[in-house]
Amino acid sequence: LQVKPWEFSASRNHFFEAIARESDPGLWPKYLSGKQTYWTVVGLPALPEEGLLNEEGVLEVARGAFSIEPFLYVGGRLVTWRDVETSPSLEQDELPIPTVTWTFDGLRLHVTPLAFEETGVPVLSARYRIENDSFARREVTLFLAIRPFQVLPPWQTLNMAGGVSPIDTLELTERLLRVNGDRAVLALTPPDRFGAATFEADLVGASLRRGTVPAATAVRDPQRFASGAFEYRLDLAPGAKADVLILAPFSGGAETLAERARSLSPAWFEGRLADEVAAWRRRLDRVELRRPLDGEAMVRTLKTTLAYILINADGPAIQPGSRTYARSWIRDGAFPSTALLEMGFTEEVRSFLRWYATFQFPSGRIPCCVDRRGADPTPENDSDGEFIYEVAEYYRYTRDIGFVRELWPPVRRAAEHIESLRRQNMTREHRSREQRRFFGLLPASISHEGYSSQPVHSYWDDFFALRGLKDVVSLAAAIGDDGSARHFAALRDAFRQ
């Protein structure tokens, strides 16, 4: 027995970090050793749930949920992410369908997750393809371990905590594995065995290391760190390959999919993959891009980035990320909206602006951020100008004057709020020698997390205020509101001075 200091288990993440430090590398997620692990998003446009795949081939099935981690058992030893050479790739080098490839001793394991809708149910499926590139027959065991860890690392802490994701219960019924009773993993390829273990029984260290899984197919762990693994024993001739398929519904529909499991074969997955490739090609190829021969990489990056803007959006909410940044900042919505307009996407921008306008405060202020809790009351003085700017950008690309008329009331109120903010710095006090440099500027704010402890005068507050006043003049002129155009033009000119 060892008596550990309080810090050993100050949190779930501290607890597992301490265990990882005393264990062989590769048995625990890479981030528990304090090392960065890079990941990408797997999802569909506008859907609220996405999976994550990291460079070790670990797949997180949904926000805050458990992950599925591959292990190989070859030649009497357990092969982990630490033992292999890994390489990430995208389908056709630019589509948001990732693959992570393990290379080890003449074997290759390709992990390819895919998001799509099956019989109306949004799902995350994955293909684990093992190839024998050697000249000898190989006996390989693939373990797909269900583990109580997110792909999101523990240092990601804005609005949620990465790292450990508790698993209370695991229960297998035929090929359907229930996790905590509310999420499911469907083994489309029938496993040779499945085994589950409590934390104390140590699935990886005590069972997988010996090339097998525990006997129990259901478990309840009072410590909430249960885990389990599907076991696939594969006999591969030289040059042969084998595919293993799993499927995890993002929400509901597991029983319906389980009834169809026998008909969902590798050929079915290849068909769904081809469908999604074609769908992404249609989305990303709306605009023809002409470039020099050495511009191919830039164009691929542009299209990939466009795809991730679409995936990170939740319905009308354009968001900068899928986990800790799954919130809609008007600043982080306006710039991607411009990118969408440039690439031929107008409906998404119209829906975003219409939705965001509903959260305007009675004062006319546009909220800096909106999430599941509603509008964030934190004052960030760049928000009004960014909202006006994006409405004007939408009009410049579409000439949709009807939409401008629809949003004119919130646009005008946002411009009036800029005017009221500016008046706060036009008092007698601001004519003094100490404050004169701030006269007529917007007040100090915390429009960046780095300023949260001390509000400051931010350049981009005033930049976007001036840009908003410039754009509100053009919008007022477009709808024939000459009085507003003259008023805000005068305000714009004064602000410039």
Check: Among all residue pairs at least 6 apart or on different chains, which show Cβ distances below 6 Å where the first residue, located in the stretch 8-21, is under 14 Å from GLN223 (Cα atoms) and the second is open to solvent by 40 Å² or more (accessible area, probe 1.4 Å) and of a type outside the set (Lys, Arg)?
Finding: PHE15/SER9
Check: Restricting attention to the stretch 237-275, which residues are of a type in the set (Val, Ile, Thr), under 16 Å from ALA184 (Cα atoms) and modelled with pLDDT of 85 or more?
Finding: ILE246
Margin query: Quick check on the stretch 190-199. Is at least one of its residues at pLDDT below 95, within 31 Å of the chain's Cα centre (by Cα) and open to solvent by less than 50 Å² (accessible area, probe 1.4 Å)?
Written below: no
Next item on the list: Considering each residue of the stretch 235-266, count those that are in a strand (DSSP E or B) and open to solvent by less than 30 Å² (accessible area, probe 1.4 Å), and give that number.
Entry: 8
Next item on the list: Would you be able to tell me the number of residues in the stretch 98-141 that are touching a Gly at 6+ places or on another chain (Cβ under 9 Å), among the small types (Gly, Ala, Ser) and within 23 Å of ALA62 (Cβ to Cβ)?
Entry: 3
Check: Name the residues in the stretch 48-62 that are of a type in the set (D, E, K, R) and either over 22 Å from SER33 (Cα atoms) or in a strand (DSSP E or B) (or both), would you?
Finding: GLU49, GLU50, GLU60
Check: Residues in the stretch 207-224 that are open to solvent by 40 Å² or more (accessible area, probe 1.4 Å), free of Cβ contacts under 8 Å to residues at least 60 places away in the same chain and over 19 Å from ARG12 (Cα atoms): how many?
Finding: 5
Next item on the list: Would you confirm whether any residue within the stretch 437-446 is part of a loop (DSSP other than H, G, I, E, B), surrounded by fewer than 17 Cβ atoms within 10 Å (Cβ to Cβ) and among the aromatic types (Phe, Trp, Tyr)?
Entry: yes
Notebook entry, point to check: Restricting to the stretch 16-56, what's the tally of residues that are farther than 25 Å from PRO320 by Cβ and hydrophobic (A, V, I, L, M, F, W, C)?
Noted result: 7
Next item on the list: Among residues belonging to the stretch 67-118 that are among the polar types (S, T, N, Q) and in a loop (DSSP other than H, G, I, E, B), point out the one that is most open to solvent (accessible area, probe 1.4 Å).
Entry: GLN92
Next item on the list: Please work out if ARG350 is open to solvent by 10 Å² or more (accessible area, probe 1.4 Å) and modelled with pLDDT under 95.
Entry: no
Next item on the list: Collect the residues in the stretch 296-346 that are open to solvent by 40 Å² or more (accessible area, probe 1.4 Å) and within 11 Å of the chain's Cα centre (by Cα), keeping them in residue-number order.
Entry: TYR308, PRO320, TYR325
Next item on the list: Select from the stretch 9-19 the residues that are closer than 18 Å to ALA226 by Cβ and open to solvent by less than 40 Å² (accessible area, probe 1.4 Å) and list them in ascending order.
Entry: ASN13, PHE15, PHE16, ILE19
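For the stretch 262-297, name all the residues that are of a type in the set (A, V, I, L, M) and within 29 Å of GLU347 (Cα to Cα).
LEU273, ALA274, VAL277, ALA278, ALA279, LEU284, VAL287, LEU289, ALA297
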Check: Right, GLY228: touching an Asp or Glu at 6+ places or on another chain (Cβ under 8 Å) and either at positive phi or not in a loop (DSSP other than H, G, I, E, B) (or both) or not?
Finding: no
Check: Can you tell me which residues in the stretch 282-302 are within 14 Å of PRO45 (Cα to Cα) and in contact (Cβ under 8 Å) with a residue 12 or more places away in the chain?
Finding: ARG283, LEU284
Note to self: Can you report the number of residues in the stretch 395-442 which are closer than 19 Å to ASP461 by Cα, basic (Lys, Arg) and touching a residue at least 12 places away in the same chain (Cβ under 8 Å)?
What the structure shows: 3
Notebook entry, point to check: Identify, please: which residue in the stretch 353-373 is in a helix (DSSP H, G or I) and either crowded, with 17+ Cβ neighbours inside 10 Å or aliphatic (A, V, I, L, M) (or both) and is, among those, farthest from the chain's Cα centre (by Cα)?
Noted result: ALA357
Next item on the list: Consider ASP376 carefully, then state whether it is in contact with a strand residue (DSSP E or B) (Cβ under 6 Å, 6 or more places away or on another chain), open to solvent by 20 Å² or more (accessible area, probe 1.4 Å) and modelled with pLDDT under 95.
Entry: yes
Next item on the list: Check the stretch 423-435 and report whether any residue there is at pLDDT below 95, open to solvent by 70 Å² or more (accessible area, probe 1.4 Å) and under 32 Å from the mean Cα position of the chain (by Cα).
Entry: no
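The values are calculated or read from the model by the stated rules, or taken from the named source; none is laboratory data. Remember, it's a predicted structure, so these values are computed and weren't measured experimentally. Note that we place each Cβ from the backbone using ideal geometry, even for glycine, and neighbour counts take in every protein chain shown. Accessible surface areas use protein heavy atoms only, side chains included; no ligands, DNA or RNA. Shrake-Rupley method; radii C 1.70, N 1.55, O 1.52, S 1.80 Å.
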